[in-house]
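Structure first, then comments.
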Amino acid sequence: MKFRFPVVIIDEDFRSENASGLGIRALADAIEAEGMEVLGVTSYGDLASFAQQQSRASVFILSIDDEEFSSPAAADKAIAELRAFVSEIRLRNSEIPIFLHGETRTSRHIPNDVLRELHGFIHMYEDTPEFIARSVVREAKAYLDSLPPPFFRALTHYASDGSYSWHCPGHSGGVAFLKSPVGQMFHQFFGENMLRADVCNAVEELGQLLDHTGPVAASERNAARIFNCDHLYFVTNGTSTSNKIVWHSTVAPGDIVIVDRNCHKSILHAIMMTGAIPVFLMPTRNHYGIIGPIPKSEFAWENIQKKIAAHPFAKDSQGKPRVLTITQSTYDGVLYNVEAIKAELDGKIDTLHFDEAWLPHAAFHDFYGDYHAIGEDRPRCQQSMVFSTQSTHKLLAGLSQASQILVQDAENNKLDRDVFNEAYLMHTSTSPQYSIIASCDVAAAMMEAPGGTALVEESISEALDFRRAMRKVGEEWAGEANGHWWFKVWGPDDLSEEGIEERDAWMLKAGERWHGFGDLAEGFNMLDPIKATIITPGLDVDGEFAERGIPAAIVTKYLAEHGVIVEKCGLYSFFIMFTIGITKGRWNTMVTELQQFKDDYDKNQPLWRVLPEFVAKNPRYERVGLRDLCKEIHAVYRAKDVARLTTEMYLSDMVPAMRPADAFAKMAHREIERVAIDQLEGRITSVLLTPYPPGIPLLIPGERFNATIVQYLQFAREFNERFPGFETDIHGLVKEVGEDGKSRYFVDCVR
Ligand SMILES: *Cc1c(COP(=O)(O)O)cnc(C)c1O
């Protein structure tokens, strides 16, 4: 397999017709004759952005001229520049070879701290260019060869050695596609390598995911080292599956489990699959619709015991709770102090499971301290095992569905890998996708220090720059007359002007108005700055509606038509993330698009002009202005006091009438009844009911509908009828369109 990584030469004479220009070009030619590409530049311009070349290069050759050492002052300057260059590179990459190239200067002129980062000193005229080229190319190849982690290495070798296969998949390395025109298109689109690398688990030399052998196992061990855990398992069906594996490895029917009410639906599926009895911990919520942390007092063991004692099904159950599952990084970026939770519950609950689908980056930067589950120098529990499940594909460089399970053993309780693997097998396809395994492998290798730290630092610092840019725009508008407005980014009020701040600035402190979560315990929660919730005007943190309002759904529709897709949208807020894939261009475009929106809103531009695609699908809005539409929807939200309604609905007491697994089982036996929403109060749902936004399950199989939830569903029905194109999607709701063309909504309830 041949990869393209040029040798980068930085020499101000690279294009000059003088002796040193001729000399360096002779070396470049000799390197090319050895089969490597050369990229010659005369200066590096902006150092920080040039240093990004480290990801594309195989070697750097940096020339130092005699002239640069003509006086002591000039020499100091040259050394300072050299040091700056070397340290910028080493910040991100400790291994890439760097050579110095000079006429008469020698290592004597270079200070030790710089010298020790170099792989060699090239003296022009002392050896032939061909000889020097061979030694440069040797270093380059050794470096490139050191890069691939075990599984990716084995897979590239396998795909390139051209052996014929008789095993599945049936497309035989892509050949099947070539026999049909549409297949040809598929082949051309994805390319040869993707298809050659799509192999099956009969290939011995790649090892087995299902029993963790060979290169797969070596990669899992490598990732365990990088993430600083005792065991690490790659999962190729997403964290949805990772969560179910963790649960099935430790929860049996009738067991009590302690669960964050604000959890991903895969956890609720795990509750149904295992037949567990869930006892929920309730998070706070503010009126923006942002879900806050579960207060520290909820985690107190006395409180948990009290909840169990009051639970209709849990109270008679014997034994201690099997698992605690917490959404670590809530959907809006709130984190918990894991050591505080361990201190409270070690030995009380067997397994402490942190669903870190959105937090795989935290282990790689000191900024996050104890606010993630597993990492370097983190103390073990005495009795409880700590699990973290992470979606590699959400914030790191994994393909969709790339996920991993991390385990930290307790002092007195070690993971039994054989037992655990039975649960792993239960949920893992016998034909795992090898590209996903390779991406798990590579995503982990990318996070190796110092590169991983630099990547996370960059996300944090871009996220902060975005917040500062948004604030500056706001300040400028505030200076204008007649009630101008701008968007806010949710977060602490005092934000420093420069750099990455101390963690303390991001802590959620008791009673602060910006978060609106009330009296939170000290040192228990922080906000991850890379998760940015953007607040649109119209609603304040107390749930009071303003005169003017700009529902977020309209802003996100507008952004989508301009090529900016956001992660999640609430009533007056939407959410974006600064993953390690973020670029300055991306977030600056967000700022300018929001400016555009403001401009179009202030001018009340007609929708046919600013949302043409949307209007084509929904002609009802053809002649409506952007501001008028905002006004109309805002008025409805306001009249119905929707912010309070949704907050109360999520915080309302959910009464379990059956075990979730029993209620769900009624579906299989069709012992259910389709109930219209007006008749739902008091009925027991057999399905999961999840409104989008925000995508957090509202009612779980076995729970009874209360009046608040019914009121919300009636509101959603009315709203959907009035504002086609802005429908609230509620999973679990069955829609039937009657002969009169009207939609009716039902929920499958226990008969
Ligand atoms: C996305 C998500 C999951 C599921 O992860 P997938 O990789 O999409 O299967 C689990 N938990 C939380 C909190 C999530 O946000």
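With respect to Ala445, determine if the residue is small (Gly, Ala, Ser) and part of a helix (DSSP H, G or I). Before you say what the answer is, go through the steps one by one.
Working: small (Gly, Ala, Ser): yes; part of a helix (DSSP H, G or I): yes.
When the stated conditions are applied, Ala445 passes them.
Does Asp113 fit the bill of being free of Cβ contacts under 8 Å to residues at least 40 places away in the same chain, among the acidic types (Asp, Glu), under 27 Å from Glu457 (Cβ atoms) and open to solvent by 20 Å² or more (accessible area, probe 1.4 Å)?
Answer is yes for this residue.
Filter the stretch 346-364 for residues that are in a strand (DSSP E or B) and under 12 Å from Leu335 (Cα atoms); which is nearest to the ligand (Cβ to nearest atom)?
Asp355
What is the one condition in (1) within 18 Å of Ile245 (Cβ to Cβ); (2) at pLDDT 95 or above; (3) buried (at least 17 other Cβ atoms within 10 Å of the Cβ) that Arg417 does not satisfy?
Every condition holds for Arg417 apart from (3).
I need a count of the residues in the stretch 559-576 that are surrounded by fewer than 22 Cβ atoms within 10 Å (Cβ to Cβ) and in contact with a Leu (Cβ under 7 Å, 6 or more places away or on another chain).
2
Within the stretch 145-159, can one find any residue that is within 36 Å of the chain's Cα centre (by Cα), of a type in the set (Lys, Arg), in the same structural domain as Ile64 (by TED's automatic domain parsing) and not in a loop (DSSP other than H, G, I, E, B)?
no
Looking only at residues in the stretch 240-291 that are in a helix (DSSP H, G or I) and open to solvent by 10 Å² or more (accessible area, probe 1.4 Å), which one is modelled with the lowest pLDDT?
Lys265
Could you say whether any residue in the stretch 62-85 is small (Gly, Ala, Ser), surrounded by 19 or more Cβ atoms within 10 Å (Cβ to Cβ) and not in a loop (DSSP other than H, G, I, E, B)?
Within the stretch 62-85, one or more residues are small (Gly, Ala, Ser), surrounded by 19 or more Cβ atoms within 10 Å (Cβ to Cβ) and not in a loop (DSSP other than H, G, I, E, B).
For the subset of the stretch 664-692 comprising residues that are aliphatic (A, V, I, L, M) and within 33 Å of the chain's Cα centre (by Cα), which member is nearest to Leu268 (Cα to Cα)?
Leu688
Would you say Leu399 is open to solvent by 60 Å² or more (accessible area, probe 1.4 Å), free of Cβ contacts under 8 Å to residues at least 60 places away in the same chain and in the same structural domain as Val235 (by TED's automatic domain parsing)? It would help to see each step written out before you state the result.
Details: open to solvent by 60 Å² or more (accessible area, probe 1.4 Å): yes; free of Cβ contacts under 8 Å to residues at least 60 places away in the same chain: yes; in the same structural domain as Val235 (by TED's automatic domain parsing): yes.
It is true that Leu399 is open to solvent by 60 Å² or more (accessible area, probe 1.4 Å), free of Cβ contacts under 8 Å to residues at least 60 places away in the same chain and in the same structural domain as Val235 (by TED's automatic domain parsing).
Any idea which residue in the stretch 692-709 is surrounded by the most Cβ atoms within 10 Å (Cβ to Cβ), counting only those that are within 13 Å of Met658 (Cα to Cα) and in contact with a helix residue (DSSP H, G or I) (Cβ under 7 Å, 6 or more places away or on another chain)?
Among residues in the stretch 692-709 that are within 13 Å of Met658 (Cα to Cα) and in contact with a helix residue (DSSP H, G or I) (Cβ under 7 Å, 6 or more places away or on another chain), the one surrounded by the most Cβ atoms within 10 Å (Cβ to Cβ) is Pro701.
Provide a single number: the residues in the stretch 503-538 that are open to solvent by less than 10 Å² (accessible area, probe 1.4 Å), touching a residue at least 60 places away in the same chain (Cβ under 8 Å) and under 13 Å from Leu335 (Cα atoms).
9
If you scan the stretch 663-677, which residues turn out to be without any contact (Cβ under 8 Å) to a residue 60 or more places away in the chain and surrounded by 14 or more Cβ atoms within 10 Å (Cβ to Cβ)? Break it down stepwise before answering.
Let us first name the residues in the stretch 663-677 that are without any contact (Cβ under 8 Å) to a residue 60 or more places away in the chain, namely 665, 668-670.
Ala665, the sole residue that qualifies.
Among (1) farther than 23 Å from Pro293 by Cβ; (2) open to solvent by 10 Å² or more (accessible area, probe 1.4 Å); (3) not in a loop (DSSP other than H, G, I, E, B), there is one condition Val555 misses while meeting the rest; what is its number?
(2)
Condition check: out of contact with any helix residue (DSSP H, G or I) (no Cβ under 9 Å at 6 or more places or on another chain) and within 16 Å of Ala553 (Cβ to Cβ). Does Arg620 satisfy that?
On the way: out of contact with any helix residue (DSSP H, G or I) (no Cβ under 9 Å at 6 or more places or on another chain): yes; within 16 Å of Ala553 (Cβ to Cβ): yes.
In short, yes.
Conditions: (1) within 16 Å of the ligand (Cβ to nearest atom); (2) open to solvent by less than 20 Å² (accessible area, probe 1.4 Å). Asn237 meets all but one. Number of the miss?
Among (1) within 16 Å of the ligand (Cβ to nearest atom); (2) open to solvent by less than 20 Å² (accessible area, probe 1.4 Å), Asn237 violates only (2).
Quick one: Ala639 ticks every box in (1) at pLDDT 90 or above; (2) open to solvent by less than 80 Å² (accessible area, probe 1.4 Å); (3) among the hydrophobic types (A, V, I, L, M, F, W, C) bar one, so which box is it?
Result: Ala639 passes all but (2).
Working only within the stretch 307-341, note down all residues that are among the acidic types (Asp, Glu) and either closer than 20 Å to Gln383 by Cα or within 16 Å of the ligand (Cβ to nearest atom) (or both).
Residues satisfying the conditions are Asp332, Glu339.
The values are calculated or read from the model by the stated rules, or taken from the named source; none is laboratory data. Owing to the predicted nature of the structure, the values given are computational and were not obtained by experimental measurement. Positions of Cβ are backbone-derived with ideal geometry, glycine not excepted, and every protein chain shown enters the neighbour counts. Calculation scope for accessible area: heavy atoms of the full protein, side chains included, ligands and nucleic acids excluded. Shrake-Rupley method; radii C 1.70, N 1.55, O 1.52, S 1.80 Å.
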